[in-house]
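Contents: one structure, followed by commentary.
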Amino acid sequence: MGHVQIYCDNQGAIQLLKHPITSQRSKHIDVIHHFAKERVARKEVNFVFCKTEDMKADILTKALGKFKKCRKEIGIE
Amino acid sequence: MKAHLTAKFYVRDLGPATYFLGMELSCDQEARSLKLTQKKLTGELISRYGLADARTCSVPLAAREKLRKEGEPLDTMRFPYSECVGSLLYLSVCTRPNIGQAVGALARYMAAPTVAHWEAALGVVRYLVGIVDYGLTFGGSNETLVGYCDADYAGDLDSRRSTTGYVFLMFGGAVSWSSRLQPTVAVSTVEAEYLSAGQVVKEALWFRKLGVDLGSTWDMFKSTATTKEQFSC
């Protein structure tokens, strides 16, 4: 069984997922949300960094200037 | 397969699928692509609000026009807000992930819409005027499955909660997507992205299980992937 590749444009979140450390800035995050971290450790999913320009899920969070580009990239034409 | 089914059940063969659950399917054998559209439903929606000749917008909901709870209450007897947003919601779930964020934002005010919300809803309909024949196209790429996750930090002005957005692409077309307000307030962009990563992992695990269930069919998909192996179940 392999892993599913997921692209994320936030280095901080990726570091937090890959390295199980709790710092002053992340200790308030509830245990249930560390579920993702566990699945990364079990190699069921893999997070890879991608630049914000290449982030195709941007269309689902905000309507920006690159809306058209994003729309084409997720296969709507 | 067909013979096996007809032996057990009464089956009528209507040929290749062209219409399914209100979605039009069109297959391009030469380009090896499949397109899902909802032209009929979109056309009906546009004409219902008398916007057929309206000027189109380039985006469904401009980022600078943030929606708020407060405002002049809308007379819902005259302006069917929930009906309009409901129709848009159906479109965004079926073949138009591009309006997912806008419709999600509008649906938050279903209980007490204001005049500004109604105008924004009509703005989304106007956006559709220019792209009636657009739909999901599969076959543009060889990647079997790849996910993208993002978050909009503190996008909701009333609660300051963030929005999770993710999309899974298969052969260049979106197969699963979501745009949802997060349940709790995130204190940093990292936390917002981290919470959205949690959501996307749940969906990815479901896809992984589906891959196992499909078994040999899935291997066939996999062998067609020429690029770096993104999804290997």
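Figures for the structure shown
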quantity	calculated
Some residue of the range B:77-96 being under 18 Å from residue B:173 (Cβ atoms), in contact with a Leu (Cβ under 6 Å, 6 or more places away or on another chain) and surrounded by fewer than 17 Cβ atoms within 10 Å (Cβ to Cβ)	no
Subset of the range B:63-83 [free of Cβ contacts under 8 Å to residues at least 40 places away in the same chain, among the charged types (D, E, K, R) and under 14 Å from residue B:107 (Cα atoms)]	B:83
Only listed residue being over 29 Å from residue B:64 (Cβ atoms) and within 9 Å of another protein chain (Cβ to nearest Cβ), chosen from B:179, B:162, B:188, B:141	B:141
Residues within the range B:156-175 that are surrounded by fewer than 22 Cβ atoms within 10 Å (Cβ to Cβ) and either farther than 30 Å from residue B:29 by Cα or touching an Asp or Glu at 6+ places or on another chain (Cβ under 6 Å) (or both), tallied	6
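Quick note: the coordinates plus some simple rules give every number you see, no bench work behind them. It should be emphasised that the depicted structure is a prediction, and the values quoted were computed from it without experimental measurement. Glycine gets a Cβ as well: all are built from the backbone with ideal geometry, and neighbour counts include every protein chain shown.
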